[in-house]
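Note sheet for the following structure.
The values are calculated or read from the model by the stated rules, or taken from the named source; none is laboratory data. Everything numeric in this text was worked out from a predicted model, so none of it was measured. Positions of Cβ are backbone-derived with ideal geometry, glycine not excepted, and every protein chain shown enters the neighbour counts.
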Amino acid sequence: MIESEKRKAGRPPIIDYGGLLFDLYRYRTLTVEQIRQIYFKERENTVYVALHRLKNKGWIDSTCRVNGKGKKVAACYYITEKGLTELIREGKVENPRRAYDNKPEGKKIPYLIDINDLHTDLCHIGFEMIDAREWKEKYHMNRNSLVKAGLRTPDKKEYAVYLFESDVSEQITLPRFKREISDNGQSNRFIIFFKGMQAYSKFKKQLSSEELTKGEMCLLPYKFGRRLLGDFPTQVQFVNLFTKYGQVKINDFSNTITNGFSEYILMKKGEEAYICNYLLGNEVALYYLSKYTYDRFQRDGRKVYVFYSITVNRFTNQNFQEVFREHYPHVEFIGV
């Protein structure tokens, strides 16, 4: 039986063995550091006690993450057949995958750990990461699809998550990605993480207006992007930020051209202006903003405030502000 060790006087469990075992099943592998952050916070010694106990029971085993130079850099844990049997016996898993199929392959371990960092960083604030296999099954996608995971926010918005390395192929991988997102069966919201400026530049070069008709397509640096998602888990945090600059209300959409780039209107200095939220690098918002030309602004009367992340802008080295400033004098940028 999977039991949690409890504190005295009925306090919450010190070690949630069932939750840990289920996470190892669902996400296939976690490093010691990831397990510590999710379950033990600063209690570093406790994580080794828990892992030692589960390993002694035969419920988990370990392997090593190997870097690009073939050097072992981190221990990774995964669930065994015996551990999966225990989860099934306790009713924690329905229609289980075989433990053999669930064991991470050596070449897949690095990207599994990278994407599981997303779960590690965000699970405590209400995000739920959906394993790539679950996501592909849900949307009837090919098992070889490039999507790395699904992400459900605390306010229940779902995103398909992609991660591109610096050496991503412009001839093979990116065209595959473009075909993949054209499949209307998948979510129309995407978060694309990049490891390095080179991958970002290649992606932007291939991006066309056809791909920008989706609901959201957020382009983010891998490490800082995770932090940014944690800072803005729901619309509430965005609105709280916007409110520092004036009174905020929901867009009435009397001008339908603004639907694609503005959910809110800001009252500032006695004037109403549309808010374009580009804090998460949503390229769809900029695409639709480009259609709000100066002629349309003159008919509408509302200017636009574009909120963007200064840190992300440094990473991407974009000059999008200059492009808009030249042809869109009614658009103002606010760096955060």
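Taken over segment 153-188, residues that are buried (at least 19 other Cβ atoms within 10 Å of the Cβ) and modelled with pLDDT of 85 or more amount to 8.
Residue-level check: of (1) at pLDDT 90 or above; (2) closer than 25 Å to CYS64 by Cα; (3) out of contact with any Ser or Thr (no Cβ under 9 Å at 6 or more places or on another chain), ILE113 misses just (3). Taking the criterion of being over 15 Å from the mean Cα position of the chain (by Cα) and touching a residue at least 12 places away in the same chain (Cβ under 8 Å), would at least one residue in segment 224-235 satisfy it? Taking every residue of segment 224-235 in turn, at least one turns out to be over 15 Å from the mean Cα position of the chain (by Cα) and touching a residue at least 12 places away in the same chain (Cβ under 8 Å). So, GLY270, is that one at positive phi, buried (at least 21 other Cβ atoms within 10 Å of the Cβ) and of a type outside the set (S, T, N, Q) or not? Spelling it out, it is not the case that GLY270 is at positive phi, buried (at least 21 other Cβ atoms within 10 Å of the Cβ) and of a type outside the set (S, T, N, Q).
State yes or no: is SER187 more than 17 Å from PHE224 (Cβ to Cβ) and either touching a residue at least 12 places away in the same chain (Cβ under 8 Å) or among the acidic types (Asp, Glu) (or both)? When the stated conditions are applied, SER187 passes them.
Would you check if ASN319 is modelled with pLDDT under 90 and surrounded by fewer than 17 Cβ atoms within 10 Å (Cβ to Cβ)? Outline the logic, then answer.
Details: modelled with pLDDT under 90: yes; surrounded by fewer than 17 Cβ atoms within 10 Å (Cβ to Cβ): yes.
Against the criterion (modelled with pLDDT under 90 and surrounded by fewer than 17 Cβ atoms within 10 Å (Cβ to Cβ)), ASN319 qualifies.
Tell me, please, whether a residue that is touching a helix residue (DSSP H, G or I) at 6+ places or on another chain (Cβ under 6 Å) and not assigned by TED's automatic domain parsing to the domain that holds LEU174 can be found in segment 238-246. Among the residues of segment 238-246, not one is touching a helix residue (DSSP H, G or I) at 6+ places or on another chain (Cβ under 6 Å) and not assigned by TED's automatic domain parsing to the domain that holds LEU174, which makes the answer no.
Against the numbered list (1) surrounded by fewer than 17 Cβ atoms within 10 Å (Cβ to Cβ); (2) modelled with pLDDT of 80 or more; (3) in contact with a Leu (Cβ under 9 Å, 6 or more places away or on another chain), GLN206 comes up short only at (2). Only one of the listed residues (ARG53, ARG98) is of a type outside the set (A, V, I, L, M, F, W, C) and touching a residue at least 24 places away in the same chain (Cβ under 8 Å). That residue is ARG53. One residue stands out among those in segment 121-164 that are assigned to a loop (DSSP other than H, G, I, E, B) and small (Gly, Ala, Ser): the one that is farthest from ARG227 (Cα to Cα), which is SER145.
Yes/no per residue for (1) within 18 Å of GLY270 (Cα to Cα); (2) within 22 Å of the chain's Cα centre (by Cα):
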| residue | (1), (2) |
| --- | --- |
| ASP295 | no, no |
| GLY301 | yes, no |
| VAL304 | yes, no |
| SER309 | no, yes |
| VAL312 | no, yes |
| PHE315 | no, yes |
| ASN319 | no, no |
| TYR328 | no, no |
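Looking only at segment 69-100, how many residues end up being modelled with pLDDT of 80 or more and not in a loop (DSSP other than H, G, I, E, B)? Qualifying residue count, segment 69-100: 14.
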